[in-house]
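**Q** Starting off with a structure, shown below.
The values are calculated or read from the model by the stated rules, or taken from the named source; none is laboratory data. Since this is a predicted model, take the numbers as computed values, not measurements. A quick note on method: Cβ atoms are made from the backbone with ideal geometry, for glycine too, and the neighbour counts reach across all protein chains shown. Surface areas here come from the heavy atoms of the whole protein model, side chains and all, with no ligands, DNA or RNA. Shrake-Rupley method; radii C 1.70, N 1.55, O 1.52, S 1.80 Å.
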Amino acid sequence: MDGDIALTVSNLRTYFYNNNRCNKAIDGVDFQVRRGRTLCIVGESGCGKSVTASSIMQLLPTLSRIEEGEIIYHAENGDIRIDELERNGWQMRDIRGAEIAMIFQDPMTALNPVYTIGFQIGENLKYHTKLTTRAIRKTCIDLLGAMGIPLPERRVDEYPHNYSGGMRQRAMIAMAMACNPKILIADEPTTALDVTIQAQIFELMEALKREHGTAIMLITHDMGVVAELADEVAVMYMGKIVEAGSVDDVLRNPRHPYTRALLSSIPVLGRGKAQDIRPIRGSTPDPFDRPPGCQFAPRCDFATDACSRLPAEENVTATHRVSCWNHREVADA
């Protein structure tokens, strides 16, 4: 096993069960997250990005389960099969927050309204470190200050309702970064923040990578963020990774029609208002009534009869893989 790999996800299938129906939210996903590098997972809402993160953290809803596949955390003292651990058992609680931390998507609901911000950040430090109460408080204040929160020594004793949406987001990021985790999963970490604070947060994440060799899995819709921060990119659609590779492979030489469509639907700075922005036609299929074969075929400009069968994954180069029958035609278009 490559010593640089922090996390391996193989053939992951996570299904949700509701009203006697099964939603195959994640349907055979493979990727690796490397130490000191950032993997960006991109795709439309509902494609399975957040469910992938929740599966890794074992924070899935009650009516869901990992049906198949492996989630392997390559810890310093040996490999740990996360998918085999009890969801709220002591082993998973030891890993969560200290070894693998997550920045959640919605800061409005992720923080507990009845505890102070300082208590919630400090709880992580109290559980996973041997710091004294005074040292924990000082660390909490330092973390809030590093996140750009004014008067952190006062704000540390305030409750979530005293914070704006952007400040709650920063407090949650402080909580995730408190123990310098080996793997940081960031689910849309800067959604509620203005661009100056976004840049500050991304600088902190880059510092974690440089100084601690942290592996970062970043879930985002923003292709500008991908271009700036990603080392590797995985494009998800309807619970599958349809294209993956280095950031140069995927952004400069997209081989899947969905990746091309995503890139064509974003305005490019400097091209003015006359530029041609093409939204992706149609909408994502009903997960309970999926099309046969390629899930993107009903919305695809390159679709052929072959697309009625599920495409096999093909290696375009040593670092670039795609699942599309017509990827050569896409490259030539």
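**Q** Exactly which trypsin sites (Lys or Arg not before Pro) in segment 1-102 are in a DSSP loop and have at most 14 other Cβ atoms within 10 Å?
**A** ARG87
**Q** If you don't mind, there's one more thing I want to ask. Counting Lys and Arg as +1 and Asp and Glu as -1, what is the net charge of the other residues whose Cβ lies under 15 Å from the Cβ of HIS212? Walk me through the numbers on the way to the answer.
**A** Details: positive: ARG34, ARG35, ARG37, LYS182, LYS209, ARG210; negative: ASP4, GLU76, GLU99, GLU203, GLU206, GLU211.
That sum, taken over residues with Cβ under 15 Å, equals 0.
**Q** Which FRET efficiency value, to the nearest 0.05, is calculated for SER283 and ASP106 with the Förster distance at 30 angstrom and r the Cβ-Cβ distance?
**A** After rounding to 0.05, the efficiency reads 0.85.
**Q** Per residue of segment 9-20, in order, report the coupling 6.51 cos²θ - 1.76 cosθ + 1.60 (Karplus, θ = phi - 60°) as ³J(HN,Hα) in whole Hz, putting x for Gly and Pro.
**A** Coupling constants for segment 9-20: 10, 10, 6, 6, 10, 10, 10, 10, 10, 7, 6, 6 Hz.
**Q** For the chain, what's the relative contact order in percent, using C-alpha pairs closer than 8 Å and at least 6 residues apart?
**A** The value is 20 percent.
**Q** Give me the number: length gained by fully extending LEU151 to ALA333, i.e. 0.36 nm times residue separation minus the C-alpha to C-alpha distance, one decimal in nm.
**A** 60.1 nm
**Q** Just to be sure I follow the rule: in segment 123-240, considering lysines 8 or more places apart or on different chains, how many pairs have Cα atoms under 24 Å apart?
**A** Going through segment 123-240 pair by pair, I get 9.
**Q** Report the net charge of residues surrounding VAL247, where surrounding means a beta-carbon distance below 10 angstrom and charges are Lys +1, Arg +1, Asp -1, Glu -1.
**A** Counting the neighbours of VAL247, the net charge comes to -4.
**Q** Mind pulling the per residue volume of the convex hull built on the Cα atoms of segment 98-140? Å³ is fine.
**A** That works out to 76 Å³ per residue.
**Q** I've got another one for you. Just to be sure I follow: if Rg is taken over the C-alpha atoms of segment 1-89 and Rh is the Kirkwood radius over the same atoms, what is Rg/Rh? List each step's numbers first, then the result.
**A** Details: Rg = 13.6 Å, Rh = 13.9 Å.
Rounded to two decimals, Rg/Rh equals 0.98.
**Q** Follow-up. Can you tell me the FRET efficiency between TYR17 and LEU251 if r is taken as the Cβ-Cβ distance and R0 is 51 Å, rounded to the nearest 0.05?
**A** After rounding to 0.05, the efficiency reads 0.85.
**Q** Skip the ligands, DNA and RNA, and give the accessible area per residue of the chain with a 1.4 Å probe, whole Å².
**A** With all protein chains present, the chain gives 49 Å² per residue.
**Q** Which of the GluC sites (Glu not before Pro) across segment 127-204 are loop residues per DSSP, with 16 or fewer other Cβ within 10 Å?
**A** When the GluC sites (Glu not before Pro) of segment 127-204 are filtered for loop state and at most 16 Cβ neighbours within 10 Å, GLU158 remain.
**Q** May I ask which residue of VAL233, LEU208, VAL247 lies farthest towards the positive end of the charge dipole of the chain, with charges of +1 (Lys, Arg) and -1 (Asp, Glu) on Cβ and the Cα centre as origin?
**A** The one lying farthest along the dipole's positive direction is LEU208.
**Q** With a Cα-only, solvent-free Debye model of segment 198-279, what are the log10 I(q)/I(0) values at q = 0.19, 0.20, 0.23 Å⁻¹?
**A** For segment 198-279 at q = 0.19, 0.20, 0.23 Å⁻¹, log10 I(q)/I(0) is -0.94, -1.01, -1.18.
**Q** Sorted from largest down, give the three principal axis spans of the alpha carbons of the chain, whole angstrom values.
**A** Cα spread of the chain along its principal axes, largest to smallest: 67, 50, 43 Å.
**Q** Using θ = phi - 60° and the Karplus relation 6.51 cos²θ - 1.76 cosθ + 1.60, list the HN-Hα couplings for segment 300-310 in order, rounded to whole Hz, with x at every Gly or Pro.
**A** Here the 3J(HN,Hα) series is 9, 7, 9, 5, 10, 4, 4, 6, 6, 10, 5 Hz.
**Q** Stick to Cα atoms and the Kirkwood definition of Rh, then tell me Rg/Rh for segment 159-208. Write out the running numbers ahead of the final one.
**A** On the way: Rg = 10.9 Å, Rh = 11.4 Å.
Here Rg/Rh amounts to 0.96.
**Q** Further, regarding this structure: DSSP loop trypsin sites (Lys or Arg not before Pro) in segment 181-284 with at most 14 other Cβ atoms within 10 Å of their Cβ, which ones?
**A** On the way: sites: LYS182, LYS209, ARG210, LYS240, ARG252, ARG255, ARG260, ARG271, LYS273, ARG281; in loops: LYS182, ARG255, ARG271, LYS273, ARG281.
Those satisfying the criteria are ARG271, LYS273, ARG281.
**Q** Now a separate question. Counting only protein heavy atoms and a 1.4 Å probe, tell me what percentage of segment 40-86's accessible area is made up of carbon and sulfur.
**A** Here it works out to 44 percent.
**Q** Let me ask something else about it. For the residue pair TRP90 and THR196, what label-to-label distance in nm results when each label sits 7 Å from Cα along the Cα-to-beta-carbon direction?
**A** Label at TRP90, label at THR196, 4.9 nm between them.
**Q** Something else: List the Cys residues of the chain that have no partner Cys with a C-beta closer than 4.7 Å.
**A** Those would be CYS22, CYS40, CYS47, CYS140, CYS179, CYS300, CYS324, since no other cysteine Cβ in the chain comes under 4.7 Å of theirs.
**Q** What does the charge count near ARG13 come to, summing +1 for each Lys or Arg and -1 for each Asp or Glu among other residues with Cβ under 12 Å from its Cβ?
**A** Taking every Cβ under 12 Å from that of ARG13, the sum is -3.
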